[in-house]
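To start, the structure under review is shown below, and the notes come after it.
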């Protein structure tokens with residue numbers, strides 16, 4: 001298993017994983033802000049099934065197009081290749097968050113620390129989007 005991760009890290013690089021995690025964190029923050037401001041977001045199909053799946057791709061592609069100082073992998077030098085890299089990083093951001101979360105939970109549990117990292121990536125839960133009752 002460690003051989004797999006060392007080979008993966010040599011192909012991908014640690015900055016790619018950091019980039020994916022940042023996309024996942026920003027997506028989660030946007031989801032939370034929109035969920036607080038727009039109470040019907042959790043029940044809206046366009047938000048849950050379209051925007052929330054497209055948002056990491058747009059964030060990754062836009063960030064990669066605008067920020068040239070990130071240490072991109074070898075061969076990613078033009079704007080088009082950076083945009084494609086960002087879109088792919090956005091597509092894998094939820095998966096990378098899931099893997100890092102599982103590894104962190106396992107390491108913390110082995111160390112005797114019982115902390116569960118919340119699952120904050122992905123579409124909102126439709127049952128959690130009920131509007132509060134208004135009292136007269």
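As a proxy for reagent exposure, ranking 37, 55 by other Cβ atoms within 10 Å from fewest up yields 37, 55. Taking other C-beta atoms within 10 angstrom as a stand-in for reagent exposure, 85, 98 fall in the order 98, 85, fewest first. Computed FRET efficiency, Cβ-Cβ of residue 98 and residue 65, R0 25 Å: what is it to the nearest 0.05? Taking R0 as 25 Å, the efficiency between residue 98 and residue 65 is 0.45.
By the count of other C-beta atoms within 10 Å, a proxy for reagent exposure, 69, 78, 93 are ordered fewest to most as 69, 78, 93. Based on the reciprocal of the average 1/r between different C-alpha atoms, the Kirkwood radius for the stretch 2-123 equals 15.7 Å. Stretching residue 106 away from residue 22 to a fully extended chain increases their span by 28.1 nm, per 0.36 nm per residue minus the current alpha-carbon distance.
Only the coordinates and a few stated rules stand behind these numbers; no lab work does. Keep in mind the model is a prediction, meaning the values are calculated, not measured. In this analysis, Cβ positions are derived from the backbone assuming ideal geometry, glycine residues included, and neighbour counts consider all displayed protein chains.
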